[in-house]
1. Highest GNM mean-square fluctuation, the chain, Cα pairs closer than 10 Å: which of 34, 112, 174?
2. So which residue, out of 52, 126, 83, gets the largest mean-square fluctuation from a GNM of the chain using Cα contacts under 10 Å as springs?
3. Can you show me the helix-derived [θ] at 222 nm for the chain, built from DSSP H runs with n ≥ 4 at -39,500 (n - 2.57) apiece and divided by the number of residues, rounded to the nearest 500.
4. Any chance you could list P(r) for the range 77-179, counting all Cα-Cα pairs in 5 angstrom bins from zero, rounded to whole %?
5. Provide the three semi-axes, in whole Å and in decreasing order, of the ellipsoid equivalent to the range 1-73 as defined by the square roots of 5 times the Cα gyration tensor eigenvalues.
6. Under a GNM of the chain (C-alpha, springs under 10 Å), which listed residue has the highest mean-square fluctuation: 72, 120, 22?
7. Which percent of the accessible area of the chain is formed by carbon and sulfur heavy atoms (probe 1.4 angstrom)?
8. Would you calculate the separation in nanometres between label points at residue 185 and residue 77, each defined as 7 Å from the Cα along the Cα-to-beta-carbon direction?
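The values are calculated or read from the model by the stated rules, or taken from the named source; none is laboratory data. Source: prediction; values computed, not measured. No Cβ is skipped: glycine too gets one built from the backbone with ideal geometry, and neighbour counts run over all protein chains shown. Only protein heavy atoms, including side chains, enter the accessible area calculation; ligands, DNA and RNA are left aside. Shrake-Rupley method; radii C 1.70, N 1.55, O 1.52, S 1.80 Å.
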Amino acid sequence: PPIDPDEFKKAREINFKRKGKPRFLHILGTAASMDRNGTLDLLDSVKLTKSDFELVVKTQHPISIEYFLDDPRVKYEINDEKDNSSLYENFDALLLPRRWGGLSLTTNEALMSGLPVIMPNISPNDKLLPKVWLVDAELKAVFPTRAPIEVYSVDHQKFADKIDWLIENNEENMKRLAFEIGKENFSEEVLSPQYEELFKSS
C-alpha cells in the first residue's frame, strides 16, 4: 500500500540524528511457518559478530523459548504499539533475513523511517535495495501453495560480517539513501497514479 512519508517523519528525524552505540531493529511479528522473518537465522548470526551493539527484537505476541538468545546485546519488546511509526524510532538499521514472502510492509516502513534494511540477496529484495545491503542466501526448501514458495536461509557468517560492516559504516547518508528508496517506490505520490491506471484498465 502507499505510505505517507509524513507519517514516519518523527521516526526519520530521530534516526538521522541518533548517536552512540549502534542500535538495530528486528521485527519478529506474528510467528509464521518456517521462521518467515528469519529470526533464528539472525540470532545465529549475532553469535558470530565481533562488535558491540544493541539488537531489539519486537513482536506483538508471546514467543517460544527458541527465539530467546542469552546475549546482553539482545533485548526483547513484546507489545502491541498503537502508533505504527514509533516501532522504528531510535534505530540505525532493520535486520531482516526474511526467508520467504519477499518484501514486506515492515521493509517499506523502515525505509520511510530512514533505516537501511539488511536482507537476503534474492528477488525481489535485489530489485529494490543496494547490493551492499544484501547477504548471500541458499535455497533450503520449497513448499506447495497455488504457486510453489521457495524458502531461503542467509549464510550466518556473512550476515554477521554484514552487521559488523554496518557498524563501521553507520553514516547519516546511508539513512538518507534508505528514505529516498522508500519515497521513490512506496509514497502515495508515486503509487496512486499506478493504481488509477489499474482501475481504468480493469
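1. Per the Cα network of the chain with a 10 Å cutoff, 34 tops the list.
2. 83
3. On the way: 7 runs with 71 residues, N = 202.
That comes out to -10500 deg cm²/dmol.
4. Distribution as computed: 2, 12, 21, 22, 19, 13, 8, 2, 0 percent.
5. Gyration-tensor ellipsoid for the range 1-73: 25, 20, 10 Å.
6. With Cα springs under 10 Å in the chain, the top fluctuation among 72, 120, 22 is at 72.
7. After summing per-atom areas, the C and S share lands at 50 percent.
8. That separation, rounded to one decimal, is 2.4 nm.
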